[in-house]
Amino acid sequence: MNANSERCVVGVDFGTLSGRAVVVRVDDGAELGGAVHEYAHRVIEDELPGGARLGPDWALQSPGDWIDVLRKAVPEALAASGVDPSRVVGIGTDFTACTVLPATADGTPLCEITPERPHAWPKLWKHHAAQPHADRINALAAERGEPWLPRYGGRISSEWQFAKALQVLDEDPETYGRAERWIEAADWIVWRLTGVESRNVCTAGYKGIHQDGAYPSEDFLAALNPAFAGFTGKLGQELAPLGGLAGRLTARAAGWTGLPEGIAVAVGNVDAHVTAAAADAVRPGQMVAIMGTSTCHIMPSDRLAEVPGMCGVVRDGIVPGLWGYEAGQSAVGDIFAWFVENFLPAAYAERAAERGLGPHEYLTSLAAEQEVGQHGLVALDWQGGNRSVLVDHDLSGVVVGQTLATRPEDVYRALIEATAFGARIIVETFEAAGVPVEEFVVAGGLLRNSFLMRTYADVLRRPLSAIGSDQGPALGSAIHAAVAAGEYADITTAAAAMGKRHIGAYVPDPERADAYDRLYAEYRRLHDHFADGGLLHRLRAIRNEAGA
């Protein structure tokens, strides 16, 4: 088939370390060309580009890196596809969330005006320095019986809009006052593409505490800080539906991307939520686990329930007409990377290189040779805090059972298992609350690790389906672009035509599953013992005081 004879759309996924673009055929979702652009600043964690030091648990990004993705990855993907730009009818984008920035009324990021001020920069999703502010919000909301709190499993996260904004107000009121807009990067990038400010229902609902047509009341916000009363005025009031038309590509953005001026630009979205369309998993009971540096669990449902520790339930939050649930684990791939980068002996790295393997591949091969439980360890997957179901980013990782005989591959396998146990807690919590998980679908970069996938199937005691694309979020954004361009009537129809997944790609082994039940029971005991945070919080406080 001649790609140039077919209408196409472009999906752009803005991740934690890079952005990627893919050109997709509208008829069948075929990915015709793609490109990746690494962010020059990656994650800004220790100091600003100008040298100002940052405190513990900070994570920032540079908006210029995002624009560079439009300038570089999109034209490169178009060139790789061989598609004539005139055949492209729409573009869709997705972002990590909650990645949020302060800006002026015309969308200029404050970090371009006062780059020396840390709070002027966009706060990445894994910026956890706002935990004390989230604690205040949660305590006040519980005390007042705020009706929106159960929609977030009883606690909102330090990763979200309100906690991060309250941190800015408390620590840098001048920057807070200068911020005429507090906007998710998912909406900011669409603003840059269209010249029109819009706010999507997904980030507003999951990250902005927007429920039943309203944000938290001014009275509630004033009780946190009188100057916080008018905060929602920075958020914009009209919310746009997913798959909707946000606007048309401006001449300026057409110059950046090499795409035709005036094509459809889809309403912004979150990387995890848009991936459901790419996996054709937009029906009730299909839980999609997008596994990368962290894991986000997304599931549409036809029923509303209060699930303890979920990240949120939002009407129309994944697809219009259904309730969309979100849960997650703050660190998964990040845990494996942390271990390899900090604790891998030189001898192991040398052996891996001799075998032509990367360190992760080598450790995985050693871990895969073990029987379940052979290492004698159990770990808690809290190195990045706990997103679900405890919603506490001041928790930290634990490994129990180490001896002088413990090897690196033992700990590595225990960490893999810990993340699988964390996923099982999430699934069991949903089902106990009356929201059944009928199919577990895996997407994201970690899907490439077959041992990890087999471990998850065994621990969860259920088959895993697998997305049929290496670029799930970008493909999902392209599907949303096709809807925005009028090529399909709705997301469900477009996902059926353009999305792809392999049903039952990994099936549990009954003997290993039985063995993992014993280990999982120990994980639950450890989980519940440390869940109150007492010891772990005290250790973090000592660390922070020592480093001040």
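General remarks:
- Carbon plus sulfur fraction of accessible area for region 70-223, probe 1.4 Å, in percent: 49 percent
- Whether the chain is rounded, prolate or oblate, judged on the alpha carbon gyration tensor where a/c under 1.5 counts as rounded: rounded
- In percent, rounded to a whole number, the relative contact order of the chain is 16, using alpha-carbon pairs under 8 Å and six or more apart.
- Neighbour-limited loop hits for GluC sites (Glu not before Pro), region 114-172 (at most 14 other Cβ within 10 Å; DSSP other than H, G, I, E, B): Glu116
- Taking a ≥ b ≥ c as the square roots of the eigenvalues of the Cα gyration tensor, an a/c ratio of 1.5 or more together with a/b no larger than b/c marks region 408-494 as oblate.
- Rounded if a/c under 1.5, otherwise prolate or oblate - region 237-362, Cα gyration tensor axes: oblate
- Between Tyr39 and Ser18, Gly19, the built amide H atoms are under 5 Å apart, and every one of these is 5 or more places off in sequence or on another chain.
- In order through region 490-498: 3J(HN,Hα) via Karplus (6.51 cos²θ - 1.76 cosθ + 1.60), integer Hz, x for Gly, Pro: 7, 5, 4, 5, 5, 5, 5, 8, 10
- The share of accessible area on region 428-535 that comes from carbon and sulfur is 49 percent, using a 1.4 angstrom probe.
- In the full protein context, region 1-102 carries 35 Å² of accessible surface per residue, based on a 1.4 Å probe and ignoring ligands, DNA and RNA.
- Mean separation of Cα contacts under 8 Å (6+ apart) over length of region 399-462, as relative contact order %: 43 percent
- Using a probe of 1.4 angstrom and keeping all protein chains present, the accessible surface of region 378-418 works out to 29 square angstrom per residue.
- Using C-alpha pairs below 8 Å separated by at least 6 residues, the relative contact order for region 147-297 is 21 percent.
The values are calculated or read from the model by the stated rules, or taken from the named source; none is laboratory data. Owing to the predicted nature of the structure, the values given are computational and were not obtained by experimental measurement. Heads up, the Cβs are rebuilt from the backbone with ideal geometry, glycines too, and the neighbour counts pull from every protein chain shown. The protein model used for the area step is the full one, side chains on, heavy atoms only, and it has no ligands, DNA or RNA in it. Shrake-Rupley method; radii C 1.70, N 1.55, O 1.52, S 1.80 Å.
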